[in-house]
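Novice: My structure is below; once you've seen it, I'll send some questions.
The values are calculated or read from the model by the stated rules, or taken from the named source; none is laboratory data. Treat the numbers as computed from the prediction; the structure is a model and nothing was measured. Cβ coordinates were reconstructed from backbone atoms using ideal geometry, including for glycine residues, and neighbour counts include every protein chain displayed.
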Amino acid sequence: MNYNLTQIPDRFQKPRISGITMVMDKGLSIEEARNFMSIAKLHVDVIKLGFGTSYVTPDLREKIELYQSANIPVYFGGTLFEAFLIRNQFQDYIAICKDYGITHMEVSDGSITIPHAEKCGYIEKLIKYGTVLSEVGSKDAAHIIPPYKWIELMRAELEAGATYVIAEAREAGNVGIYRGSGEVREGLVQEILTQIPGEKILWEAPQKAQQLYFIELLGCNVNLGNIAHSEVIPLETMRLGLRGDTFHMFLDKDLNP
């Protein structure tokens, strides 16, 4: 860091397996991506090219290589995986991951219905090619999954070989683990945590209040995803108690005037 401050929480250093910040790139230009890396690469652990944006992104290979040159893994959004799957192009999906040097893959079923045993089978196949993140939860706000089912699905997908399970929220943060208003379904989250280790869950949390909730609940090294590129530095300050929302959270109470 640029100077010394005491009473800063112990933030895990990269490469880290917990305390991950996953950024969603929804269409940055090459120049924007380069500028983004110049300021934020130390605080970004993985980048998702959101939903199907990689299909229409110009100079895709150059962008992926730019991120990878900063030692940041890139993966295609789960919606793209589903788009290949519904077209019976699973092998084509593997082929494009290989072609672009993609070593992280997301398995999801938020837009299509996949029998869960079959979904776990895809996880088992893909771990031969790299790191798998599997997403649990529906993009349909009307489809409410009870807590016991979240736990059951997450446990099975971790057992199938997923490195992390992603708690679905979409890019807006208004479905899955959140109500339509963006409010956290706290009972659901806390029940999940009774059975699934927090360090194995990547919580999608695009909104500031959602990020704050999980930092207060699980500490500065909570895994957070779907972070906008412009919010990476503000999020890191919130993790470290250098933003008003968490200013007093990590201070020694005896020394705090």
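Novice: Kindly indicate whether residue 135 is touching a residue at least 60 places away in the same chain (Cβ under 8 Å), touching a strand residue (DSSP E or B) at 6+ places or on another chain (Cβ under 8 Å) and under 27 Å from residue 188 (Cβ atoms).
Specialist: No.
Novice: Hey, can you tell me all the residues within the stretch 121-139 that are farther than 17 Å from residue 192 by Cα and under 19 Å from the mean Cα position of the chain (by Cα)?
Specialist: 123, 126, 127, 130, 131, 132, 133, 139
Novice: Given (1) touching a helix residue (DSSP H, G or I) at 6+ places or on another chain (Cβ under 9 Å); (2) within 15 Å of residue 81 (Cβ to Cβ); (3) modelled with pLDDT of 90 or more, identify the lone condition not met by residue 131.
Specialist: For residue 131, the exception is condition (1).
Novice: Report yes if some residue within the stretch 118-135 is part of a loop (DSSP other than H, G, I, E, B), surrounded by 15 or more Cβ atoms within 10 Å (Cβ to Cβ) and touching an Asp or Glu at 6+ places or on another chain (Cβ under 9 Å); otherwise report no.
Specialist: Among the residues of the stretch 118-135, not one is part of a loop (DSSP other than H, G, I, E, B), surrounded by 15 or more Cβ atoms within 10 Å (Cβ to Cβ) and touching an Asp or Glu at 6+ places or on another chain (Cβ under 9 Å), which makes the answer no.
Novice: Can you tell me which condition residue 18 does not meet? The list is (1) more than 18 Å from residue 230 (Cα to Cα); (2) touching a Ser or Thr at 6+ places or on another chain (Cβ under 9 Å); (3) surrounded by fewer than 20 Cβ atoms within 10 Å (Cβ to Cβ), and all the others hold.
Specialist: (2)
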